[in-house]
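These notes concern the structure reproduced below.
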Amino acid sequence: MAKFGEQFIQQVQQAIDIVELIGQYVALKLRGKEYVGLCPFHDDKKPSLNVSPTKQIFKCFACGAGGDVFKFLSLYEQYNFPEAVRALAERAHIPIPAESAAQRQTAPGLSKPDLLKVTAFAVEFYREQLHGPAGRGALDYARRRGLSDESIGRFALGYSPDGWDGLLTQGRRGGISQEQLVAAGLALRREGGGCYDRFRHRLMFPIFDPTGSVIAFGGRALSEQERAKYINSPESVLFDKSGQLFAFNWAREQIKASGTAVVVEGYLDALIPLQAGVGNVVATLGTALTERHVRMLANHAREVVLVFDADQAGAAAAERAMEIFMAQQVHVRVATIPAGKDPCDYCLGEGPEALQALIADAPDAMQHAWDRRLAEYQQAGGSPADRQKAVREFLRLVACSAAYGAIDELRQGQLAQHIGHILNVPAADLQQEMRRLSRQARGRAQTGGAPAPRDSEMITKDPHRIILQVLLNQPELFGGVNERVGADDFTNEQLAPVAQKVWSLGREDRLTLEAVMGSEEMFPYSQLLADLAMAGERLGQDGGAQAMDKAVENLLYQRSNREIKQLQAGRLDDEALRQLSEHHRRPDQRRAPRIQ
Ligand SMILES: [Zn+2]
């Protein structure tokens, strides 16, 4: 069953630093001895995720997610244990031991790490094509759109040739199967058998995940007749559109450093500014911004500037996004590019400084929405029905902002006055309606919020838990405990396997938290182990030793009670009786009698 030996797993575990790993996905800040950040596994509003560099574990105090490096990756990327080990081994450049075919998973070659090799292969293929004779037109197009040769290399652009099987044929030569290309979203099945390339005669933009692996592609049509100007890879094992932003891998550091993330819509709208030194720009991948996108940005930025098209659709998209950002307590501003241009053209035409200035001066999203409503209202000409509709929209906007704390009572009052004046409605009526809507919106904000913290682990009285909590932190105490209680004393279904592992490592003098966690059999207990280890740390060194002493006494007391009951029920055999009397004769060396 086990695919990797324990030694290999622990080699990988030791090569990966958990702070560095998690830091690639979540912005972490040092607080005391631990790092904290917004938890990516629930809708986190305050930093609930704690990462311990000394223990190499993470734990969210709101949703309870926790574990080691393998657990984090498996939760984040939806890997199983072997996939997580393999991905981290590759990351640490540790050669993976050869696996026999029988040991492989049911679908050979279709796991996430396998498919990442397929996409990496495709990047190389498309890149070679771009710089070969067939790619001349595509290369010209990329240059004409303003990309330098250096950028074309840096962003790993490529060309998918105009045929039906360019990638398929090259894949066959490189040992990549049709099934793999289909699973990676690069080929399509033909009715009646066979496959064909998904991307044909297109300029190819690889889409990277935050760690720098290519998970999908976007393709820009090069023929005018082509109806779909852009196509993207479909959703796959690798690619989940609602959780990915284009160029995030290049922009992340700059977003973190500046505290601002700029969101645009197109590939070139992100790449041209990046090339010109505006380094904090990411693009949505042909979808509306989702809560996951927003959370990803909120982890790294204090504020977000949306640069959407100036048309109606763009403005509406900006407003939809605004509400999601407010729920995450990220400040949002909305920049509008003048004269119907897109950010790419604007940056090329007016220069990066002009784009920077536009971003810096972008009005608050509220203000933007306000201005838009006002313009609509004025255009509508002020019929009673229009007026009512405008009032409702204004109020909804204000209420939503108030609910998320974006504006205070005073500002609400001012806005009511202002709206009342423009629309000729009594301000008092408006304020009343506003308060009603605020309460509603607040209700929504709260029910969608984080679950209550689970701190039961911190104050447990269960002696079994306390013993494990302390041993995972102070393995040097194992000898003393082992003389008095054994793993068999742990009768709790969940704790028993953990205790067995702790005892088996302890007896071999190899007990550490890493050793306990670093095995496939313990993988399902990863979260429990992180809980126990964190809780144990909070007991402190002396506090832990004392708490454990008491817990051991407690356990022994429970056991002798059990024994007495069994004795009364006449269920002890002679051997157990002999052990028991010996055990009571030598109170200082009470070794656990084994009662079956
Ligand atoms: Zn959480």
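Just so you know, all these numbers are worked out from the coordinates, no wet-lab data involved. What you see is a predicted model; the values in this text were computed from it and never measured.
Note on residue 357 and residue 288: the extension gain reaches 22.3 nm, defined as 0.36 nm multiplied by sequence separation minus the Cα-Cα distance. Every Cα-Cα pair in segment 243-362 was counted, and those over 23 Å apart are 18% of them.
Straight-line reach from residue 550: which lysines have Cα under 21 Å away, leaving out those fewer than 8 places along the same chain? Filter leaves 461. Note on segment 353-398: semi-axes of the ellipsoid equivalent to its C-alpha gyration tensor, largest first and rounded to whole Å, are 28, 12, 4.
Within a straight-line Cα-Cα reach of under 26 Å, residue 45 can be paired with the following lysines, leaving aside sequence neighbours fewer than 8 residues apart in one chain: 29, 33, 55, 59, 71, 241, 256.
Taking 0.36 nm per residue of sequence separation and removing the Cα-Cα distance, the residue 393/residue 196 pair yields an extension gain of 66.0 nm. In the distance distribution for segment 6-103, Cα-Cα pairs more than 21 Å apart total 33 percent. Between residue 341 and residue 565, full extension at 0.36 nm per residue minus the direct alpha carbon distance yields a gain of 72.2 nm. Scattering from segment 84-235 was approximated by placing one identical point on each alpha carbon and applying the Debye formula without solvent; log10 I(q)/I(0) at 0.10, 0.14, 0.15, 0.19 1/Å stands at -0.38, -0.72, -0.81, -1.20.
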